[in-house]
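The values are calculated or read from the model by the stated rules, or taken from the named source; none is laboratory data. As the structure is a computational prediction, the values presented were derived from the model and not from experiment. Cβ placement follows ideal geometry from the backbone for every residue including glycine, while neighbour counts extend to all protein chains displayed. Heads up: the accessible areas ignore ligands, DNA and RNA and are worked out on the full protein's heavy atoms, side chains in. Shrake-Rupley method; radii C 1.70, N 1.55, O 1.52, S 1.80 Å.
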Amino acid sequence: MSSETTAAGPPPGPDAADRPTSETPLVGIIMGSKSDLKIMAAAADVLRQFGIPYDITLVSPHRTPHRMVEYAESARKRGLRVLIAGGGGAAHLPGMVAAFTTLPVIGVPINSTISVQGLDSVLSMIQMPAGVPVATVGIDSAANAAVLATQMLALGSARLADALEKYRTSLKDRVMRTIEELRKGGFQDDV
Ligand code: RP5
């Protein structure tokens, strides 16, 4: 994993939203609007770095409700194992998708143009009724959603479990390198 893992990379162009991959996608990334892409691109970035095939597209619970139902109902049959759903404002996408599939759904609340600092989206996702959960990550935390999806897939993949160990080691190493740099600059810590 590179140090850029948690940064949102350049958003794919509009025609890339339905980009097919050569392998059957295991993770489906969906979002309510093209304006969410700049945040959700980070999830795709992380999955690419773990070598996990994914598909990414726009599905709006309000503007394309039938497409949402079709997407969710067909997701398992198409081979998807985990869904990552992002939305801003009244973010009903993750919850409604979760209602139409038994695949795990990870929600990404987005601090979008219409959001009340993302809090409306968080509240739209976390208080799901019993039996229909959405695993909600932090505001704009699409990268974390992808790491969580990877952890789910790693339950049945030694390759991914190993890759996650290496990823955690890289996080630790980055902090230790930062401490060394700070110390060289005169920073005195107590450890
Ligand atoms: C939501 O409304 C989307 O997820 C997006 O965050 C927000 C604003 O959408 P646009 O008006 O930018 O298309 O459905």
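The table below gives the values:
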{"read-out": "Qualifying residues in segment 12-49 (those that are open to solvent by 70 Å² or more (accessible area, probe 1.4 Å) and within 16 Å of the ligand (Cβ to nearest atom)) - the one modelled with the lowest pLDDT", "value": "Pro14"}
{"read-out": "Positions within segment 148-162 being open to solvent by less than 50 Å² (accessible area, probe 1.4 Å) and outside any helix (DSSP H, G or I), in sequence order", "value": "Ser157"}
{"read-out": "Number of the exception - Val108 against (1) of a type in the set (A, V, I, L, M); (2) in contact with a strand residue (DSSP E or B) (Cβ under 9 Å, 6 or more places away or on another chain); (3) in a helix (DSSP H, G or I)", "value": "(3)"}
{"read-out": "Condition met for Gly86 (in contact (Cβ under 8 Å) with a residue 12 or more places away in the chain, under 18 Å from Leu148 (Cα atoms) and crowded, with 23+ Cβ neighbours inside 10 Å)", "value": "yes"}
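Residue by residue, here is whether (1) surrounded by 13 or more Cβ atoms within 10 Å (Cβ to Cβ); (2) in contact with a Leu (Cβ under 9 Å, 6 or more places away or on another chain) holds:
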| position | (1), (2) |
| --- | --- |
| Gln117 | no, no |
| Ser121 | yes, no |
| Ile126 | yes, no |
| Pro133 | yes, no |
| Asp140 | yes, no |
| Ala146 | yes, yes |
| Lys166 | no, no |
| Gly186 | no, no |
| Asp190 | no, no |
